[in-house]
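To start, the structure under review is shown below, and the notes come after it.
The values are calculated or read from the model by the stated rules, or taken from the named source; none is laboratory data. Remember, predicted model here, so these are calculated numbers, not experimental data. In this analysis, Cβ positions are derived from the backbone assuming ideal geometry, glycine residues included, and neighbour counts consider all displayed protein chains.
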Amino acid sequence: MLVVMKQSATEEEIGRVVEQIRVMGYDARPIPGHQRTAVGLIGNDGRVDSARLEGLSGVLEVIVVSHPYKQVSREWREEDTIVTLANGTRIGGSEIALMAGPCAVESREQILETAHALQAMGATILRGGAFKPRSSPYSFQGLGLEGLRYLAEAREATGMAVVTEALGTEDVEVVAEYADIIQIGARNMQNYALLRKAGQSGKPVLLKRGMSATIKELLLSAEYLLAEGNDQVILCERGVRSFDTHTRNLLDLTAIPVVKSLSHLPIIADPSHGTGIRAKVTPMARAAVAAGADGLMIEVHPRPEEALSDGAQSLYLPQFGDLMDQIRHIARALDRHVVPSLHGTASAISAS
Ligand code: PEP
Ligand code: MN
């Protein structure tokens, strides 16, 4: 439930609404906005009697949030949430953010080489798994802490922000220390302990849709993050399981406009895991941006045939450059633009 205050409402009137909500046994969260202040009521799992709030002075109206997810809903917050990273990259609003890099950090040389090339082509966020969720326990599991250190070195060298996955609650602290964005992978979308921990970290979180999760379940998982006080959340459509075996997953592009109408959170697309096929990544990346995605996550490897994971869906570096050019065109047609590149930022950072 959302108690919308009149524009003329005073601090005291807002304070009285907060107090009344607490007396009723719920949590109150004031939400200042451009137009008006609202006070969110959380902690209820069903209907709340609004009569005691409607009568208070300064109250314009009481809106019953119709979805089981509350703080992530558009009803709760009309304006788009914009996630801003330390390097200035903004995710959401009119910008389109490009996250790119290998599936896994494999060596210091591999991640530095990739980061320099991607930065030169205009990507501002570097991806790379240090803790890898692999279907087989015998597959490469990632370099762990060593991988995080190489990612941090690549950030220092290029100015790119870093996104990398936390596989379990025990990883959250160290990932938060090294990364700009904590990734929660598809297999962990409903790991509620992990969501709570990531929510408490204070770092932006990239939440990937589970491979058989509904959009409602995705939004409810995001609600766990916001319920912990973290509204710096980016959603990611990365494909769902389908009956068709031609592609690794079925990239559900409908989810993008659906999520945009239901939620104020930014949503990006990952056509690499969404298709599993290198040649299909670029067309689906174009389609995702055309559908309204706020960004892309793309797997890129300097030598995909040598990759320790997901080589078949990783673009060659020059292919990523072509993709960037095409995305810039599509963005322009939609009155949007790709996040400005960081050329010169690294030297600017080291000079300061
Ligand atoms: C990844 O991005 O490295 C990854 C494992 O993706 P997903 O969780 O979507 O499978
Ligand atoms: Mn991968």
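Restricting the search to the stretch 56-92, which residues are under 16 Å from the mean Cα position of the chain (by Cα) and either among the β-branched types (Val, Ile, Thr) or within 16 Å of ligand 1 (Cβ to nearest atom) (or both)? Passing the criteria: 72, 81, 82, 83, 84, 89, 91.
Take the stretch 311-326 and flag every residue that is buried (at least 20 other Cβ atoms within 10 Å of the Cβ) and within 16 Å of ligand 2 (Cβ to nearest atom). 313, 314, 315, 320 - these are the residues of the stretch 311-326 that are buried (at least 20 other Cβ atoms within 10 Å of the Cβ) and within 16 Å of ligand 2 (Cβ to nearest atom).
Is the stretch 93-110 home to any residue that is over 22 Å from the mean Cα position of the chain (by Cα), surrounded by 18 or more Cβ atoms within 10 Å (Cβ to Cβ) and within 16 Å of ligand 2 (Cβ to nearest atom)?
Our first condition is that a residue be over 22 Å from the mean Cα position of the chain (by Cα); within the stretch 93-110, this holds for 106-110.
With surrounded by 18 or more Cβ atoms within 10 Å (Cβ to Cβ) added as a condition, the list becomes 106, 110.
Next, from what is left, pick out any that are within 16 Å of ligand 2 (Cβ to nearest atom): 106, 110.
Yes: one or more hits.
Identify, please: which residue in the stretch 19-62 is in contact with a Ser or Thr (Cβ under 9 Å, 6 or more places away or on another chain) and β-branched (Val, Ile, Thr) and is, among those, nearest to residue 223 (Cα to Cα)? Here the residue is 31. Selection of first residues in the stretch 252-267 that are touching a residue at least 60 places away in the same chain (Cβ under 8 Å) and of second residues that are outside any loop (DSSP other than H, G, I, E, B) and among the small types (Gly, Ala, Ser), restricted to Cβ pairs under 8 Å at least 6 apart or on distinct chains, gives the following pairs, ordered by first then second residue: 262/73; 263/73; 263/222; 264/73; 265/92; 265/222; 266/92; 266/295. When the residues of the stretch 174-197 are filtered to those that are closer than 18 Å to residue 86 by Cα and under 12 Å from the mean Cα position of the chain (by Cα), which remaining residue is farthest from ligand 1 (Cβ to nearest atom)? In this case the residue turns out to be 180. Return yes when residue 288 is within 24 Å of residue 74 (Cβ to Cβ) and touching a residue at least 40 places away in the same chain (Cβ under 8 Å) and no when it is not. Considered against the rule, which asks whether it is within 24 Å of residue 74 (Cβ to Cβ) and touching a residue at least 40 places away in the same chain (Cβ under 8 Å), residue 288 comes out as yes. When restricted to residues that are of a type in the set (Lys, Arg) and more than 16 Å from ligand 2 (Cβ to nearest atom), the stretch 265-299 contains 1. Considering only residues in the stretch 162-181 that are surrounded by fewer than 23 Cβ atoms within 10 Å (Cβ to Cβ) and either among the small types (Gly, Ala, Ser) or modelled with pLDDT under 95 (or both), the one that is nearest to residue 131 (Cα to Cα) turns out to be 168. Got at least one residue in the stretch 274-282 being buried (at least 24 other Cβ atoms within 10 Å of the Cβ), within 26 Å of residue 84 (Cα to Cα) and of a type outside the set (Asp, Glu)? Yes, the stretch 274-282 contains at least one residue that is buried (at least 24 other Cβ atoms within 10 Å of the Cβ), within 26 Å of residue 84 (Cα to Cα) and of a type outside the set (Asp, Glu).
Being under 30 Å from residue 28 (Cβ atoms) and buried (at least 19 other Cβ atoms within 10 Å of the Cβ) holds for only one residue in 223, 237, 217, 228, and it is 223. When the residues of the stretch 120-151 are filtered to those that are under 26 Å from residue 342 (Cα atoms) and over 20 Å from the mean Cα position of the chain (by Cα), the one that is nearest to ligand 1 (Cβ to nearest atom) is 147. Identify, from the list 341, 261, the residue that is more than 16 Å from ligand 2 (Cβ to nearest atom) and over 25 Å from residue 158 (Cβ atoms). Result: 261 is the single residue among 341, 261 that is more than 16 Å from ligand 2 (Cβ to nearest atom) and over 25 Å from residue 158 (Cβ atoms). Can you pull out every residue in the stretch 288-310 that is away from ligand 1 (no atom under 14 Å from the Cβ), charged (D, E, K, R) and crowded, with 20+ Cβ neighbours inside 10 Å? The answer is 294, and nothing else.
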